[in-house]
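The values are calculated or read from the model by the stated rules, or taken from the named source; none is laboratory data. Because the structure is predicted, anything quoted here is derived from the model rather than measured. Note that we place each Cβ from the backbone using ideal geometry, even for glycine, and neighbour counts take in every protein chain shown. Ligands, DNA and RNA are excluded from the accessible area calculation, which covers all protein heavy atoms including side chains. Shrake-Rupley method; radii C 1.70, N 1.55, O 1.52, S 1.80 Å.
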There are 2 protein chains.
Amino acid sequence: MVVKVHGSPYASAPRRVLACLIEKDIEFEIVPVDLFKGEHKNPEFLNLQPFGVVPVVQDGDYTLYESRAIIRYYAEKYKSQGNDLLGKTVEERGLVEQWLEVEGQNYHPPIYNLVAQLVFFPKMGIPVDQKIIEESEEKLGKVLDVYEERLSKSKYLAGDFFSLADLTHLPFTHYLVTDVGKEFMIRDRKHVSAWWDDIANRPSWKKVLQL
Amino acid sequence: MVVKVHGSPYASAPRRVLACLIEKDIEFEIVPVDLFKGEHKNPEFLNLQPFGVVPVVQDGDYTLYESRAIIRYYAEKYKSQGNDLLGKTVEERGLVEQWLEVEGQNYHPPIYNLVAQLVFFPKMGIPVDQKIIEESEEKLGKVLDVYEERLSKSKYLAGDFFSLADLTHLPFTHYLVTDVGKEFMIRDRKHVSAWWDDIANRPSWKKVLQL
């Protein structure tokens, strides 16, 4: 069954799902949702995803949304197909979950604010809030200091294996080092920098950026 | 092995973990961390949890933090002990993950703001921001409208079974209907109200509130 991914291949949360599907060798097709035209607020889309955000996957009769839930679902359903992304033991998976949550709760809010303020808002003509930018950069810096310490002892976040915990960071960190223009936040931290070079050069992520 | 839970039994995130351990019939002891004395910023605590937030669990040599990761770990490790909290199939677990993510990404930010502004800040002498309160109440209301629709078709969030998806909502919703004084947000929505009565009356949650 080909998995239908509703969303734009240029949007961050769909990219998280696409990277996972490629890592797991799962066939998919993209059903474009044009965010600039507001197609994510159309009744048909809201019927699939009541919060009006991308992505949503349809896999036969099964519908699922929230990118971090979708990647967990496919990593578990196809555990032994493609690259394992959950760790070998329940303890390893626990650490994968820990760092997935760190990304969702600690890393995502400030990096999202930076991307919104410095990339989305200018395109949409919304005025930028310098205080939010400064506070978000400070918060993200503190989170990255913890990552630097962690990655000085462990090749990847959850241990010595690439996992969903790393993959989930790809889309927004890509924005940070490109459009946002704050690559120094990664490069000033030796171990974070090496980790980023490693995960951003995975064939799956390169393929996502070509879609 | 008795699980050590570092945190206060009065704090929301540790309560999420305690409710799960009780549902799973897992023995635990609480290692108190006094947030008002700033014990979560002590070097020994930061060594366990580098972001300086509760809870952390220690289970023999294994250490894990982030409450939503900890509950997934114990629900999976002791799948067949106590109450099943993950669903029976990988598709059911996918929906549990979806609603866990909805809670973490959509429900938590506005409800946290309401609790912070209306409960924590007044106690700490921090001035309250009326605009944040109004915006958060509006956002939470919209999220609860989606819950109302979902719960009109399904007894619990992920399906017809109680799961981590419901359990994760207990600590902050408890604040909302008690200290925050906004019980009407639950009671004005018939199906959300019935769901809340159901989950808040589980023996596990009643036990957590007595700790």
- Note on the structure: Inside the range B:84-113, the number of residues satisfying the requirement of being touching a residue at least 24 places away in the same chain (Cβ under 8 Å), open to solvent by 10 Å² or more (accessible area, probe 1.4 Å) and among the hydrophobic types (A, V, I, L, M, F, W, C) is 1
- Item | Residues satisfying the stated conditions in the range A:69-83, i.e. open to solvent by less than 10 Å² (accessible area, probe 1.4 Å) and either within 10 Å of chain B (Cβ to nearest Cβ) or at pLDDT below 95 (or both) | A:Ala69, A:Ile70, A:Ile71, A:Arg72, A:Tyr73, A:Tyr74
- Evaluate the following for B:Val54: is it more than 9 Å from chain A (Cβ to nearest Cβ) and touching a Pro at 6+ places or on another chain (Cβ under 8 Å)? yes
- Does any residue of the range A:121-134 turn out to be in contact (Cβ under 8 Å) with a residue 24 or more places away in the chain and surrounded by 14 or more Cβ atoms within 10 Å (Cβ to Cβ)? no
- Query: Within the set of pairs 6 or more residues apart or between chains, which connect a residue that is over 15 Å from B:Val208 (Cα atoms) inside the range B:163-192 to a residue that is small (Gly, Ala, Ser) and open to solvent by 40 Å² or more (accessible area, probe 1.4 Å) with Cβ atoms less than 9 Å apart?
  - Reply: B:Lys190/B:Ser152; B:His191/B:Ser152
- Subset of the range B:138-152, residues under 18 Å from B:Val115 (Cα atoms) and open to solvent by less than 40 Å² (accessible area, probe 1.4 Å), comes to B:Leu140, B:Gly141, B:Val143, B:Leu144
- Task: Report yes if some residue within the range B:160-181 is open to solvent by 60 Å² or more (accessible area, probe 1.4 Å), under 20 Å from A:Gln105 (Cα atoms) and not assigned by TED's automatic domain parsing to the domain that holds B:Glu23; otherwise report no.
- Result: no
- Query: Which ranges mark the helices (runs of 4 or more DSSP H) fully within the range A:72-132 that have 3 or more residues being among the hydrophobic types (A, V, I, L, M, F, W, C)?
  - Reply: A:90-102, A:108-115
- Check A:Lys155 against each of (1) open to solvent by 50 Å² or more (accessible area, probe 1.4 Å); (2) part of a loop (DSSP other than H, G, I, E, B); (3) without any contact (Cβ under 8 Å) to a residue 12 or more places away in the chain and name the one condition it does not meet. (3)
- Task: Starting from residues that are polar (S, T, N, Q) and under 17 Å from B:Asp166 (Cα atoms), keep the ones in the range B:96-131 and report whichever is nearest to the other protein chains (Cβ to nearest Cβ).
- Result: B:Gln98
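Conditions (1) buried (at least 17 other Cβ atoms within 10 Å of the Cβ); (2) closer than 20 Å to B:Gly104 by Cα; (3) at pLDDT 95 or above; (4) under 17 Å from the mean Cα position of the chain (by Cα), marked per residue:
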{"site": "A:Met1", "(1), (2), (3), (4)": "no, no, no, no"}
{"site": "A:His6", "(1), (2), (3), (4)": "yes, no, yes, yes"}
{"site": "A:Ile22", "(1), (2), (3), (4)": "yes, no, yes, yes"}
{"site": "A:Phe36", "(1), (2), (3), (4)": "no, no, no, no"}
{"site": "A:His40", "(1), (2), (3), (4)": "yes, no, no, no"}
{"site": "A:Pro43", "(1), (2), (3), (4)": "no, no, no, no"}
{"site": "A:Tyr65", "(1), (2), (3), (4)": "yes, yes, yes, yes"}
